[in-house]
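The values are calculated or read from the model by the stated rules, or taken from the named source; none is laboratory data. None of these values were measured; they are calculated from a predicted model. Cβ atoms come from the backbone with ideal geometry, glycine included; neighbour counts cover every protein chain shown. Protein only, heavy atoms only, side chains kept; ligands, DNA and RNA dropped before computing areas. Shrake-Rupley method; radii C 1.70, N 1.55, O 1.52, S 1.80 Å.
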Amino acid sequence: MMTIEVKDYNKSPIRNILESKPKWIKQGYREAYMEAAIEQGVAWQIRINRNARRMTQTQLARLIKTKQSAISRMEDPTYGAHSLDTLIEVAKAFDCALSVKFVSYSQLAYDSEKLAESDIFAAPFKLELEELHGKEVHA
Amino acid sequence: MANKNVAATFKKAPKNNRQLIAKPIEHSPWNFHEITDRGLGAISSWIESANWSEKTRANFDRSIEQLRPLPKQLWSKPNPASKIGDNTYVIRFKDVTAAQLRFFGHFFDGHNSFVITTQGFEKDDVYYPKNYQALAQSRRIDCDKNFSGKTIPFETLCAICCKSTKDDDDRSKRLQQITDT
C-alpha cells in the first residue's frame with residue numbers, strides 16, 4: 001500500500017491563517033465556503049481577465065464560439081454552472097493556463113485574501129515571454 | 001489557431017502585447033463596520049436571529065471578500081454590489097432558496113471602511129424595506145457624525161480596529177511577562 005508522508009506540514013507558513021477563520025471549524029460551513037469560492041471566484045476571474053485584455057463579452061464569445069449572453073452568465077457570481085470544457089476554452093482564448101487541483105483549506109484561506117485584480121490576473125503566454133526576454137513577441 | 005483568432009479580434013488594437021493589458025486599479029482593502037443598536041452590532045444580531053444556513057452564510061462571506069479589494073467604482077454589476085443612491089450601496093447575495101438577500105450601507109472614507117446599516121431583500125426588481133433609501137441615508141448621517149460611537153467592526157473585517165485590539169492584547173501579555181519575572 002502506498003503511503004504519502006506529509007513532510008514539514010507543520011512548518012507551512014500559511015497554516016496559521018486558519019486561526020483567523022474560526023467558522024471553518026464546522027465542516028458544513030467550510031464546504032459551503034469552498035463552493036461559494038468556486039462559484040464566485042470563477043466568475044470573478046473570467047471578468048477580470050477579460051477586462052484586462054480589453055476584450056468585450058462579444059469578442060470573448062466569438063473566440064469560444066458561443067453567445068454574448070453566455071459570457072454574461074459566466075461572469076455572474078451567482079451562476080455557478082461553469083463546465084470544465086468551457087473553462088478550458090476560455091483559458092485558450094486568454095492564452096493562459098487553467099489549473100484544477102485539490103488544495104488544503106489553509107491554502108484556500110490564503111488565496112481568499114488575494115482577490116485584488118492584480119492577484120487574479122493571469123498573464124497571457126506572449127506577455128510572459130516578453131517579460132522574460134525583454135522584447136516584443138509576435139505570433 | 002487560438003492565437004490567430006485573438007490576433008484577428010484585436011486587429012484594430014495596439015500591437016504591443018503589454019499595451020493590450022489594462023492596468024488594474026489598486027486599492028487598499030476596505031474595512032467593514034456595522035451600525036450599532038444599544039451597543040450591539042445590529043447587522044450581526046440580525047444575522048444571528050435570521051438563522052441562516054451555512055451555505056447562505058458562506059455566500060455572504062465570500063461576497064464580502066470579493067468586494068474588499070475593489071475600489072468604489074467597481075462596486076457595480078456583475079460584482080455583488082451596486083451604488084443605488086448618494087453614497088448608498090447595496091451588497092447582493094442569495095440564500096439556499098435563491099431568495100435575493102441585500103445589505104445596504106455607505107462608505108466612510110475616514111476609516112477606509114464600508115458601514116453596513118440596513119438589511120433587506122429584493123423581489124421582482126423591488127427592494128425591501130421600501131424605505132431603504134431613507135433608512136440608509138438617515139443611518140449614514142448618524143454614523144458620519146459619530147463613527148466610533150455608532151459603529152463597530154463587522155466581525156474581524158477591520159484591519160485598523162482589530163490590529164489595535166491585537167496590539168493591546170500583545171502589550172498586555174508582554175506586561176504580564178515582565179510582571180511575572
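Considering each residue of region A:63-86, count those that are more than 14 Å from chain B (Cβ to nearest Cβ) and assigned to a helix (DSSP H, G or I), and give that number.
Count: 3.
Applying the selection to region A:87-101, what residues are assigned to a loop (DSSP other than H, G, I, E, B) and open to solvent by 60 Å² or more (accessible area, probe 1.4 Å)?
Scanning region A:87-101 gives A:Ala97, A:Leu98, A:Ser99, A:Val100, A:Lys101.
Looking at the structure I just gave you, is B:Leu175 open to solvent by less than 70 Å² (accessible area, probe 1.4 Å) and either farther than 25 Å from B:Glu48 by Cα or at pLDDT below 90 (or both)?
Numbers: open to solvent by less than 70 Å² (accessible area, probe 1.4 Å): no; either farther than 25 Å from B:Glu48 by Cα or at pLDDT below 90 (or both): yes.
No; evaluated as a whole, the condition is false for this residue.
Among the numbered criteria (1) out of contact with any Asp or Glu (no Cβ under 7 Å at 6 or more places or on another chain); (2) at the interface with chain B (Cβ under 8 Å from one of its Cβ atoms); (3) of a type outside the set (Lys, Arg); (4) in contact (Cβ under 8 Å) with a residue 24 or more places away in the chain, which single criterion is violated by A:Gln59?
Evaluating A:Gln59 over (1) out of contact with any Asp or Glu (no Cβ under 7 Å at 6 or more places or on another chain); (2) at the interface with chain B (Cβ under 8 Å from one of its Cβ atoms); (3) of a type outside the set (Lys, Arg); (4) in contact (Cβ under 8 Å) with a residue 24 or more places away in the chain leaves (4) as the failure.
Quick one: A:Leu84 ticks every box in (1) closer than 29 Å to B:Glu26 by Cα; (2) without any contact (Cβ under 8 Å) to a residue 24 or more places away in the chain bar one, so which box is it?
For A:Leu84, the exception is condition (1).
Would you call A:Ala37 facing chain B (nearest Cβ under 10 Å) and either over 16 Å from the mean Cα position of the chain (by Cα) or outside any loop (DSSP other than H, G, I, E, B) (or both)?
Yes; evaluated as a whole, the condition is true for this residue.
Given the options A:Glu131, A:Glu113, name the one that is open to solvent by 30 Å² or more (accessible area, probe 1.4 Å), at the interface with chain B (Cβ under 9 Å from one of its Cβ atoms), at negative phi and in contact (Cβ under 8 Å) with a residue 40 or more places away in the chain.
A:Glu113
Can you tell me which residues in region B:48-99 are over 16 Å from A:Glu117 (Cα atoms), aliphatic (A, V, I, L, M) and either away from every other protein chain (no Cβ under 13 Å) or out of contact with any Phe, Trp or Tyr (no Cβ under 8 Å at 6 or more places or on another chain) (or both)?
Of everything in region B:48-99, those that are over 16 Å from A:Glu117 (Cα atoms), aliphatic (A, V, I, L, M) and either away from every other protein chain (no Cβ under 13 Å) or out of contact with any Phe, Trp or Tyr (no Cβ under 8 Å at 6 or more places or on another chain) (or both) turn out to be B:Ala50, B:Ile84, B:Val90, B:Val96, B:Ala98.
I'd like to know if region B:70-80 contains one or more residues that are within 18 Å of A:Tyr33 (Cα to Cα) and modelled with pLDDT under 90.
yes
Just name the residue that is surrounded by the fewest Cβ atoms within 10 Å (Cβ to Cβ) out of those in region A:1-38 that are at pLDDT 85 or above and acidic (Asp, Glu).
It comes out as A:Glu19.
Can you find, within region A:51-62, the residue that is nearest to B:Glu155 (Cα to Cα) among those that are open to solvent by 20 Å² or more (accessible area, probe 1.4 Å) and in a helix (DSSP H, G or I)?
Checked region A:51-62; the qualifying residue nearest to B:Glu155 (Cα to Cα) is A:Asn51.
Residues are listed down the side, and each one gets a yes or a no for (1) farther than 19 Å from B:Arg140 by Cα; (2) surrounded by fewer than 18 Cβ atoms within 10 Å (Cβ to Cβ); (3) modelled with pLDDT of 90 or more; (4) of a type in the set (Asp, Glu):
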{"residue": "B:His33", "(1), (2), (3), (4)": "no, no, yes, no"}
{"residue": "B:Gly41", "(1), (2), (3), (4)": "no, no, yes, no"}
{"residue": "B:Ala50", "(1), (2), (3), (4)": "yes, yes, yes, no"}
{"residue": "B:Phe93", "(1), (2), (3), (4)": "yes, no, no, no"}
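Please state which of the following conditions A:Ser104 fails to meet, knowing it meets all the rest: (1) surrounded by 15 or more Cβ atoms within 10 Å (Cβ to Cβ); (2) out of contact with any Pro (no Cβ under 6 Å at 6 or more places or on another chain).
Unmet condition: (1).
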